[in-house]
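The values are calculated or read from the model by the stated rules, or taken from the named source; none is laboratory data. Bear in mind the structure is a predicted one, so any value in this text is a computation, not a measurement. Note that each Cβ is placed from the backbone with ideal geometry, even for glycine, and that neighbours are counted across all protein chains shown. For the accessible areas, the whole protein counts, side chains as well, though only heavy atoms, and no ligand, DNA or RNA atoms are used. Shrake-Rupley method; radii C 1.70, N 1.55, O 1.52, S 1.80 Å.
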Amino acid sequence: MAGIGFMRALAATAAGVVLVATGATGATAAPAAAGPVPDTAGVRAALQNAVTAGAPGAFAVIRDHGVAETKVALTLGKADLDGTPMNADWRFRVGSNSKMFAAVLVMQLVERGRIDLDRPLRDYLPAGTLPEGWTMTGRQVMEHRAGVYDHTNDLLEQAGEETTSAFEARIRTKVYDPAQLVAMSVAHGQQYPPGTRYAYSNTDFVLMGMAVEHLTGRPYAEVLRDGIIDPLDLRRTSFVVPEQEIAGRHVTGYLTNDDRSKPLLDSTEQTASWLWSAGGVTSSARDMDRFLTALMAGSAGGLVSDDSLKQMTSVLPTPSATVSYGLGLRQITLSCGKVFGHGGIVQGYQTQSFTTPDGRRSVVVFANASNNGSVTAGLMGALEPAFCGKKPAPAATPRSLTSPGAGAQQENGADTGRVEVPVVEDTRI
């Protein structure tokens, strides 16, 4: 596929500049055409917030592509509670970042004329998967605007319970068929008329994965391998649901106990079948960069056509003012512009993977603890300094030209000009 040539050409033109920072040392990337120089101190501070909040470790990998290829890797803390230092090259569970992979597979089928996203999705699913009267389109499902109840609410029952009885009883070793997951959702009925509002639902991308299998007549894992993993040479990416182990060197994931006085729970081994195509991919920061870079290149990247990419990045608003959603892609508005990608939270792991619209800079931030909103907030706080760099200090304004309130705000450092990215809506998983 064209993606292979694209990625090889990208590597061949790179200068190979790699800057790595670990522990307490710092690193500054050389200026590149991808955008502002990353504020590594700001990124490190955000990662430290995640570790202070309870994650054993965290990392950020910032890659710039262009005439000069640069990489900044910042690692803090531990990859496991045995004391192994965090390693930004190792594998981890990407959670809902998996939705981007599923969206690409769907768009590949769109390009072959196998599915029309503006027809009812039930036409492309096994008979009986959705009730006769459910007319939501594939596009509405991929946009999370279909009125489909999120089946994971039934499995988790309430925020935080996944750390105790729910995880051990219904998540870690349980193997679900995708049709079972959809049936849980359908039992709750349609939640609202399709297209009238946004409500994030993991079931939406279980449905899209089922459509991929139904239309190709092949297991989802095989379609993913042939459509994305092999063409891009994603050597550390796999979809092995319901196998519980992560192959190769990987970061250990930990669930934060509801009772913070109790130790973290090793949740690395789990079937991931309760999320399936919506969250079952295992990958690495390097592979996520290659995937996002190829995706944002459109036709030149070999994954999807320019028209498909345009559809994927045509976003609609969500309840969060700076966050919008397209077809399996989330858009976040930062102070220096918009970035595309996704986040993922699955027991023990949190990842945010984003790129500039031209694919010139990608940022992957990660922590190995979940069920902890403060860890999530720390990771989200790393995106702004990673993409936009250090903000200049606000210019001093003569007191005679300001109101007392405005002057006090600047003196106290509150008016920083930095965009605060909200913790997105899928914080539990």
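Points worth noting:
- Net charge contributed by nearby residues that have their C-beta within less than 13 Å of Pro178 (K/R +1, D/E -1): -3
- Percent breakdown of C-alpha pair distances by 10 Å bin, ordered from the shortest bin, for the stretch 51-131: 14, 25, 23, 16, 21, 1
- Scoring 98-107, 127-136 by mean Cβ neighbours within 10 Å over their residues and listing the highest first yields 98-107, 127-136.
- Only Cα pairs under 8 Å and 6+ residues apart enter the sum, and on that basis the relative contact order of the stretch 224-365 stands at 19 percent.
- Placing a label point 7 Å from the Cα of Val67 along the Cα-to-Cβ direction, the residues of the stretch 332-368 whose backbone N falls under 18 Å of that point are 360-361.
- Cross-link reach is defined here as a Cα-Cα straight distance under 19 Å, omitting same-chain residues fewer than 8 places apart; for Lys71 the lysines meeting it are Lys390.
- Shape descriptor for the stretch 203-246: Rg over Rh equals 0.99 (Cα atoms; Rh from the Kirkwood inverse mean 1/r).
- Candidate lysines for bridging to Lys310, where Cα separation is under 16 Å - those fewer than 8 sequence places away on the same chain excluded: Lys338
- Computed over the stretch 28-168: relative contact order in percent, which uses C-alpha pairs under 8 Å that are six or more apart: 12 percent
- Within the accessible area of the stretch 317-362 (1.4 Å probe), percent carbon and sulfur: 59 percent
- Among residues other than Arg63 with Cβ under 14 Å from its Cβ, the summed charge is -1 (Lys and Arg +1, Asp and Glu -1).
- Counting only protein heavy atoms and a 1.4 Å probe, the stretch 241-393 has 29 square angstrom of accessible area per residue.
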